[in-house]
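These notes concern the structure reproduced below.
The values are calculated or read from the model by the stated rules, or taken from the named source; none is laboratory data. Since the structure is predicted, the reported quantities are computational estimates derived from the model, not experimental observations. Quick reminder, even Gly has a Cβ in these numbers, built from the backbone with ideal geometry, and neighbours come from all protein chains shown.
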Amino acid sequence: MQLVIDIGNTQVKAAIFDGKEMKESFVFASVEDMLLSGIVKNNPVNNCILASVVDNIAPFIAQLREKWNVLIFNSETPIPIKNLYKTAQTLGSDRLAAAVAGNSLYPDRNVLVIDFGTCIKYNFVNGNNEYLGGAISPGLNMRFNAMHTFTSRLPLLKFDQSYEALIGTNTNESMLSGAQNGAIAEVIGFIEQYKQQFPDVNVVLTGGDVKFFEKRLKNSIFADQNLILKGLNEILDYNLNRIK
């Protein structure tokens, strides 16, 4: 059994894997909440992988290492695809894990993984199993926060899953239309541009806001909210097999 931990900007995600099968997944507000939950004490885990986009988690790592063999995923960690990103040391672990997971779904094929989280992240792996990079843009709530922060009168809104109108008939609706329909149009535009360059590209969606986008994009697109956790499990397996 293996424990996979993904520490993001707004929450901590974890999962227990038995081989390739995810047995159970968890979401916590902080690493402290994760420790209090008992997951560290109560699961028969042999190995663990941890990825984080935040700093100052050394005490948490130390507690994990009291119990298990822990692999810290960073730019130096061996992975089952070739990383051609020019500034690999600045590449977010979540982006690379998503790319590895996409490649595991479509090996030797072009794949675009779109992660809908705090930011919208586009990650592309080509048919030679090479990670090339992609793009980063503001996520839904970041768009609302920006409109409120950088103007004097616009209110602070959160995205509304049920709002679909194109024409906003008041300020709140206009903001909803601009942020939400604008994000959808952006994603569709990116996908179409990738398809023009790579007609056989496979598109995979993931992230906390994936359900909102999945309903508004073509049904043929594959979606998996736990893709990054699965990618981290693939990376852990790869490294364990290397040292056998």
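From (1) surrounded by fewer than 17 Cβ atoms within 10 Å (Cβ to Cβ); (2) touching an Asp or Glu at 6+ places or on another chain (Cβ under 6 Å), pick out the condition that doesn't hold for Ala165.
Looking at each condition in turn, Ala165 falls short on (2).
Looking at Ile79, Ile114 in this structure, which one is buried (at least 17 other Cβ atoms within 10 Å of the Cβ) and over 17 Å from Asn202 (Cβ atoms)?
One residue alone meets the criteria, Ile79.
Within the range 52-62, can you find the residues that are in contact (Cβ under 8 Å) with a residue 40 or more places away in the chain and either under 16 Å from Ile39 (Cβ atoms) or of a type in the set (Lys, Arg) (or both)?
Of everything in the range 52-62, just one residue is in contact (Cβ under 8 Å) with a residue 40 or more places away in the chain and either under 16 Å from Ile39 (Cβ atoms) or of a type in the set (Lys, Arg) (or both), namely Ile57.
When the range 167-222 is examined, which residues are found to be in contact with a Gly (Cβ under 6 Å, 6 or more places away or on another chain) and within 19 Å of Ser137 (Cβ to Cβ)?
Ser177, Val204, Gly207, Gly208, listed by residue number.
Would you confirm, using the coordinates I've provided, whether Gly139 is assigned by TED's automatic domain parsing to the domain that holds Glu234, of a type outside the set (Val, Ile, Thr) and touching a Cys at 6+ places or on another chain (Cβ under 6 Å)?
So Gly139 passes the test.
Against the definition (over 22 Å from Asp209 (Cβ atoms), assigned by TED's automatic domain parsing to the domain that holds Leu176, surrounded by 14 or more Cβ atoms within 10 Å (Cβ to Cβ) and in contact with a Phe, Trp or Tyr (Cβ under 7 Å, 6 or more places away or on another chain)), how does Asn103 come out, yes or no?
It is false that Asn103 is over 22 Å from Asp209 (Cβ atoms), assigned by TED's automatic domain parsing to the domain that holds Leu176, surrounded by 14 or more Cβ atoms within 10 Å (Cβ to Cβ) and in contact with a Phe, Trp or Tyr (Cβ under 7 Å, 6 or more places away or on another chain).
Scanning the range 186-217 for residues that are of a type in the set (Val, Ile, Thr) and in a helix (DSSP H, G or I), which turns out farthest from Ser162 (Cα to Cα)?
Checked the range 186-217; the qualifying residue farthest from Ser162 (Cα to Cα) is Ile191.
So which pairs qualify, if the first residue must be in the range 220-241 and of a type in the set (Phe, Trp, Tyr), the second must be part of a helix (DSSP H, G or I), the Cβ gap must be under 8 Å, and the two must be at least 6 apart or on different chains?
Within 8 Å, the pairs are Phe222/Leu105.
Take the residues of the range 185-216 that are aliphatic (A, V, I, L, M) and in contact with a helix residue (DSSP H, G or I) (Cβ under 7 Å, 6 or more places away or on another chain): which is farthest from Pro107 (Cα to Cα)?
The extreme case among them is Val187.
Which of the numbered conditions does Leu64 fail, given that it passes all the others? Conditions: (1) buried (at least 16 other Cβ atoms within 10 Å of the Cβ); (2) out of contact with any strand residue (DSSP E or B) (no Cβ under 7 Å at 6 or more places or on another chain).
With respect to (1) buried (at least 16 other Cβ atoms within 10 Å of the Cβ); (2) out of contact with any strand residue (DSSP E or B) (no Cβ under 7 Å at 6 or more places or on another chain), Leu64 is out only on (2).
Can you pull out every residue in the range 106-123 that is touching a Gly at 6+ places or on another chain (Cβ under 6 Å) and within 24 Å of Lys215 (Cα to Cα)?
The answer is Asn110, Val111, Val113, Asp115, Phe116, Gly117, Thr118, Cys119, Ile120, Tyr122, Asn123.
Give the number of residues within the range 218-236 that are surrounded by 17 or more Cβ atoms within 10 Å (Cβ to Cβ), part of a loop (DSSP other than H, G, I, E, B) and aliphatic (A, V, I, L, M).
0
Within the range 183-196, does at least one residue satisfy the condition of being more than 28 Å from Val113 (Cβ to Cβ) and surrounded by 10 or more Cβ atoms within 10 Å (Cβ to Cβ)?
Checked the range 183-196: no residue is more than 28 Å from Val113 (Cβ to Cβ) and surrounded by 10 or more Cβ atoms within 10 Å (Cβ to Cβ).
Which condition breaks for Ile235 when tested against (1) on the phi < 0 side of the Ramachandran plot; (2) touching a Lys or Arg at 6+ places or on another chain (Cβ under 8 Å)?
Here Ile235 clears every test but (2).
Inside the range 176-233, can you point out the residues that are among the aromatic types (Phe, Trp, Tyr) and more than 19 Å from the chain's Cα centre (by Cα)?
Tyr194, Phe198
Name every residue in the range 148-171 that is over 29 Å from the mean Cα position of the chain (by Cα) and part of a helix (DSSP H, G or I), in order of residue number.
Residue satisfying the conditions is Thr171 alone.
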